[in-house]
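Have a look at the structure below before the remarks.
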Protein chains: 2
Amino acid sequence: MKKKYLFTPGPTPLPPQIQEALSRPIIHHRTTEYQEIFSEVNEGLRYLFQTENPVFTFASSGTGAMEGAVVNLTREGEKALAIVGGKFGERWQEILEAFGRECIPLEVEWGTAPSAEEVEKLLTEHPEIEVIFATLCETSTGTKTDIEALSSLARRKNKILVVDAISGLGAMELRTDEWGIDVVVAGSQKGMMLPPGLAFLSISERAWNKVMDNQVKAYYWDFKKMRKSYEKNDTPFTPAVSLVVALRESLSLIKEEGIENVWKRYSLMAYATREACQELGLEIFSRSPAEAVTAVKVPSGIDGGNLFRLMKDKLGIQAAGGQAQLKGKILRIAHMGYMDYMDIFLVISGLETALSIMGYPLEKGKGISKVAEIFVKEGVFS
Amino acid sequence: MKKKYLFTPGPTPLPPQIQEALSRPIIHHRTTEYQEIFSEVNEGLRYLFQTENPVFTFASSGTGAMEGAVVNLTREGEKALAIVGGKFGERWQEILEAFGRECIPLEVEWGTAPSAEEVEKLLTEHPEIEVIFATLCETSTGTKTDIEALSSLARRKNKILVVDAISGLGAMELRTDEWGIDVVVAGSQKGMMLPPGLAFLSISERAWNKVMDNQVKAYYWDFKKMRKSYEKNDTPFTPAVSLVVALRESLSLIKEEGIENVWKRYSLMAYATREACQELGLEIFSRSPAEAVTAVKVPSGIDGGNLFRLMKDKLGIQAAGGQAQLKGKILRIAHMGYMDYMDIFLVISGLETALSIMGYPLEKGKGISKVAEIFVKEGVFS
């Protein structure tokens, strides 16, 4: 018997209620029973997205809904701005280019987020740009972009803002309507505490008008068809029934805790993780760290691959390594999904122990003490 | 306590092993553990598809893989033939047209299948056609198309044949390599006994050459990217992990029984269903009945909607009604997924009882006796 602990930034661990819901006998989707579930789910999604806009549910990975955003919201040959500071910013660029859009990338150093001024400068240079593609949490570097500021800029310049919130939604503050974000894309396997297989997209009236004006070549991602079905609590194609049934449980857990409390919990877990890592003498990779995942630099003298494997194979703790140019250089610890404060003790203990086994000089117990100090001070256990 | 019996042509009932697999803790997809599962799944899929060709797995509904086939295998403006004899044939036409392909429909009367001669005639009229889109089991009418004959024609005329086997694969004989079918599309929620959420596509070398020659505008459905990943037992985007884990169980059940035995079982169940319905004085809708689902005409004097609801609400048996122009006119009884011989007794008893309650004149017990006679004669219980 060896317990396993998943700290990857998607998939994330499942609550037992959701595991149970996934195992229920299947029901048919063209029934009152399913429609009632889907109606409840749609209400819960609007709450989670903090929007009154429609939220579409696709049977696909998050990337599918990103593709949907590109093909419905832009025309061939149209110039579009994408913020590129990691693997997922690159994905916006790749999708835009795959469909013959002209991508104007705002390339930012990995581990940093763009300022609204940099975005504004590029918009001024390319006034034809109508749509900005951004990423709430760039999972590959653990970096948060200030979406509120971007959204305010987008409204001032009358641009449409599309946010990939796949890795952040449900774990990081995001106020779709209050901030005025046009399109928010999400996936099931992150903050929603579900297996992968569902993608979501909310769309504002402003963005909707552009979709309606657009000659869209789409079928599976056809937003017009999606909206028509959505209004009847239906989907154009067979939905991933078991995942939707489990989603109801997830949304009800989130509703029960309250979205602001959920954000606060993950934010505090992220803060404790960063502080504890620094106590251990480690450096946080990102200069604008996200609440969903912390990227910590592998200290010099330590092999990143060996650290990852020791934690995974011997301690049972699976974090994520670095991707592309960050391979072996960072360790990414997620704090989203079915995770609470005690999990932070567990992962920091594991990291401390693994580093210590590998001969890295650290004062034992300092990481954990810091976590305890923060949680006690914040009244987590009172 | 009221038991429910699902006889819809997708989703279909789940075996307990699969329900259990769906509820397991989630694992990360970039691990040796997942890769071993996916490698086993890929082997099982090749067995199920009866092919040595690659079989791609998408996180999507079946329609997604249909879209993938259209965008990867045809060019804009290209003429393509689609056999249209029901809702799913229409889907090929809709997808082709959504992406600016010129669809030459071979319209056949609903409930009938085209002969190879009719297809050949159209190919002769439009020699530019390179790809034929067909449907193994047209679920909306319970009709089977002779794919073996079509495939032989396609090879003779050097055309590519794409078969939507979403509703048939695993329930109806389909020999991809032996018959020489280029592309076979399938979905998880039918013969594979899984929830909806996975789509599959096998592709021959002949079809692959066309993909390679094609300037494809695709990202989520990009076959070149899929193939590169497939060769490493991977997928380009986060897979629907829980469904893939459960798929391994399903494929292992199919392998254990043997695909020919599986086909024989469903074929016999379908035959018994048709014979029993006729004993009850009912008419089979299709002139080329499929083994996956039987469409039976609602007899005159009986309201189709009421029959459906009586069976569903009072007896707990959910069949499917008719779609589009067949609404209220047929009842569709699936015999695929997690179903065995005894389920046929159950559904025929239910149909007989419901019709009898509604005042339809029939000799009670005749349907069941016919089922028993057939099964005993075929040695099902020996």
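The values are calculated or read from the model by the stated rules, or taken from the named source; none is laboratory data. These figures come from a predicted structure and were not determined experimentally. A quick note on method: Cβ atoms are made from the backbone with ideal geometry, for glycine too, and the neighbour counts reach across all protein chains shown.
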Within the stretch A:198-265, considering only helices (runs of 4 or more DSSP H) that don't extend past its boundaries, which have at least 3 residues that are within 12 Å of chain B (Cβ to nearest Cβ)? A:241-257
Within the stretch B:205-233, which residues are acidic (Asp, Glu) and more than 26 Å from residue A:71 (Cα to Cα)? B:205, B:231
Please state which one of B:370, B:364, B:327 is more than 13 Å from chain A (Cβ to nearest Cβ) and without any contact (Cβ under 8 Å) to a residue 40 or more places away in the chain. B:364
So which residues in the stretch B:29-52 are surrounded by fewer than 22 Cβ atoms within 10 Å (Cβ to Cβ) and more than 19 Å from residue B:257 (Cα to Cα), if there are any at all? B:30, B:31, B:32, B:33, B:34, B:35, B:36, B:37, B:39, B:52
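Per-residue answers, yes or no, for (1) in the same structural domain as residue A:41 (by TED's automatic domain parsing); (2) crowded, with 22+ Cβ neighbours inside 10 Å; (3) at pLDDT below 95; (4) hydrophobic (A, V, I, L, M, F, W, C):
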| site | (1), (2), (3), (4) |
| --- | --- |
| A:209 | yes, no, no, no |
| A:241 | yes, yes, no, yes |
| A:262 | no, no, no, yes |
| A:277 | no, yes, no, yes |
Across (1) closer than 23 Å to residue A:200 by Cβ; (2) away from chain B (no Cβ under 14 Å); (3) part of a loop (DSSP other than H, G, I, E, B); (4) hydroxyl-bearing (Ser, Thr, Tyr), residue A:151 clears everything bar (3)
Any chance the stretch A:181-197 includes a residue that's more than 21 Å from the chain's Cα centre (by Cα), over 21 Å from residue A:67 (Cα atoms) and of a type outside the set (Lys, Arg)? no
Working carefully through the options A:107, A:97, find the one that is out of contact with any Gly (no Cβ under 8 Å at 6 or more places or on another chain), free of Cβ contacts under 8 Å to residues at least 24 places away in the same chain and either surrounded by fewer than 18 Cβ atoms within 10 Å (Cβ to Cβ) or away from chain B (no Cβ under 13 Å) (or both). A:97
Which of the residues that make up the stretch A:7-43 are in contact with a Lys or Arg (Cβ under 6 Å, 6 or more places away or on another chain) and closer than 30 Å to residue B:318 by Cβ? A:37, A:40, A:41
Is it the case that some residue within the stretch A:59-75 is in a loop (DSSP other than H, G, I, E, B), modelled with pLDDT of 95 or more, more than 9 Å from every other protein chain (Cβ to nearest Cβ) and farther than 25 Å from residue A:324 by Cα? yes
Please find, among A:256, A:249, A:205, the residue that is surrounded by fewer than 24 Cβ atoms within 10 Å (Cβ to Cβ), without any contact (Cβ under 8 Å) to a residue 40 or more places away in the chain and of a type in the set (Asp, Glu). A:256
Would you please name the residue that is nearest to residue A:88 (Cα to Cα), looking only at residues in the stretch A:318-376 that are among the basic types (Lys, Arg) and surrounded by fewer than 23 Cβ atoms within 10 Å (Cβ to Cβ)? A:327
Residues of the stretch B:9-28 being crowded, with 20+ Cβ neighbours inside 10 Å and in a helix (DSSP H, G or I), which ones? B:18, B:19, B:21, B:22
Name the single residue that is nearest to the chain's Cα centre (by Cα) among those in the stretch A:3-19 being more than 8 Å from chain B (Cβ to nearest Cβ) and under 27 Å from residue A:138 (Cβ atoms). A:9
Considering only the stretch A:288-328, state which residues are closer than 15 Å to residue A:355 by Cα, within 22 Å of the chain's Cα centre (by Cα) and among the charged types (D, E, K, R). A:297
Would it be correct to say that residue B:354 is on the phi > 0 side of the Ramachandran plot and aliphatic (A, V, I, L, M)? no
Only one of these conditions is not met by residue A:141: (1) free of Cβ contacts under 8 Å to residues at least 40 places away in the same chain; (2) outside any helix (DSSP H, G or I); (3) among the β-branched types (Val, Ile, Thr). Which number is it? (1)
Of the conditions (1) within 14 Å of chain A (Cβ to nearest Cβ); (2) within 23 Å of the chain's Cα centre (by Cα); (3) over 19 Å from residue B:153 (Cα atoms), residue B:32 satisfies every one except a single condition; which number is it? (2)
Filter the stretch B:158-177 for residues that are hydroxyl-bearing (Ser, Thr, Tyr) and assigned to a loop (DSSP other than H, G, I, E, B) and give the result. B:167
Got a sec? Which of B:96, B:81, B:123 is in a helix (DSSP H, G or I), aliphatic (A, V, I, L, M), over 19 Å from residue A:216 (Cα atoms) and not assigned by TED's automatic domain parsing to the domain that holds residue B:290? B:123
Of the numbered conditions (1) within 23 Å of residue B:191 (Cβ to Cβ); (2) buried (at least 24 other Cβ atoms within 10 Å of the Cβ); (3) in contact with a helix residue (DSSP H, G or I) (Cβ under 6 Å, 6 or more places away or on another chain); (4) not assigned by TED's automatic domain parsing to the domain that holds residue B:147, residue B:298 fails exactly one; give the number of that condition. (1)
